[in-house]
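**Student:** Starting off with a structure, shown below.
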Amino acid sequence: MAVPVTIFNANQASVQVQVNGGTQFTIAGTGPSQNWQPQQPNPNPLSFNNGYPAANVFGTLAPNQVVLYSGGSPISQPLSISIPQTQVVNSLQLYFFFGTTTTVSWVMLNSGQPIAWGTNLSTTALKSAASVKAPRGGSKKASKKR
């Protein structure tokens with residue numbers, strides 16, 4: 001029996017998603033007209049395999065890589081999602097949301113129960129951190145108290 005897998009976008013903006021190097025697909029944003037219900041892809045290209053991850057297929061034998069895009073650019077580093085091998089998987093739901101302008105948070109559920117979660121820095125935050133230069137060492141002279 002096939003295991004249903006759904007990714008939900010809990011954000012106002014549409015997001016393109018790529019799972020394990022598969023074809024990108026779009027998930028619309030949510031808002032008042034949807035009563036703030038997280039949106040999902042239609043059609044849904046995702047599936048599950050109790051083995052190695054593959055393009056658009058979540059697996060248990062290695063971390064799954066999910067990349068979120070906006071305007072053709074990655075929003076963050078890939079979300080690395082490990083599904084426990086000991087977990088009997090009945091249905092998977094992945095929710096992602098932007099906690100702030102600097103983070104992407106996510107939670108993976110199995111039949112509504114959390115099995116994995118995390119927070120990644122956004123690409124904006126990573127670029128900002130990379131542009132900040134580390135302070136140079138202070139003066140080597142010892143300061144004297146007067």
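**Student:** Quick one: if you stick a label point 7 Å off each Cα along the C-beta vector at Asn90 and Trp117, how many nm between them?
**Tutor:** 2.0 nm
**Student:** Residue by residue, what Karplus-based ³J(HN,Hα) values in Hz, rounded to whole numbers, does region 22-36 have, using 6.51, -1.76 and 1.60 with θ = phi - 60° and x for Gly and Pro?
**Tutor:** Per residue, the Karplus-derived 3J(HN,Hα) values read x, 5, 5, 9, 9, 10, 4, x, 10, x, x, 5, 9, 6, 6 Hz.
**Student:** Using the Kirkwood formula on the Cα atoms of region 5-129, what hydrodynamic radius do you get, in angstrom to one decimal? Provide the component values of the computation, followed by the final result.
**Tutor:** Numbers: mean 1/r = 0.0682 Å⁻¹.
That comes to 14.7 Å for region 5-129.
**Student:** Something else: Rounded to the nearest 0.05, what FRET efficiency do Thr103 and Asn42 give with R0 = 30 Å and r taken as the Cβ-Cβ distance? Could you check?
**Tutor:** Values: r = 27 Å, r/R0 = 0.90.
Working from the Cβ atoms, E equals 0.65.
**Student:** Also, quick follow-up: Sort the following peptides by mean Cβ neighbour count (other Cβ atoms within 10 Å, averaged over residues), highest first: 87-93, 74-80. Show your work: numbers first, answer last.
**Tutor:** Values: 87-93: 15.7, 74-80: 18.4.
Highest to lowest by the protection proxy: 74-80, 87-93.
**Student:** Now for a separate question. Which FRET efficiency value, to the nearest 0.05, is calculated for Ser80 and Ser33 with the Förster distance at 35 angstrom and r the Cβ-Cβ distance? Spell out each step's value before the answer.
**Tutor:** Numbers: r = 33 Å, r/R0 = 0.95.
Efficiency computed from Cβ-Cβ geometry: 0.55.
**Student:** Taking 0.36 nm per residue of sequence separation and subtracting the Cα-Cα distance, how much length would be gained by fully extending the chain between Asn50 and Thr6, in nm to one decimal? Let's see the in-between values first.
**Tutor:** Working: separation 44, 0.36 × 44 = 15.84 nm, distance 1.63 nm.
Between Asn50 and Thr6, full extension yields an extra 14.2 nm.
**Student:** How big is region 49-91 along each principal axis, measuring the range of its Cα positions in Å and listing the largest first?
**Tutor:** Taking max minus min along each principal axis of the Cα atoms, region 49-91 gives 36, 17, 15 Å.
Laboratory data are not the source of any read-out in this text; all were calculated from the coordinates shown. The shown structure was predicted, so the numbers you read here are calculated from the model rather than taken from an experiment. Note that each Cβ is placed from the backbone with ideal geometry, even for glycine, and that neighbours are counted across all protein chains shown.
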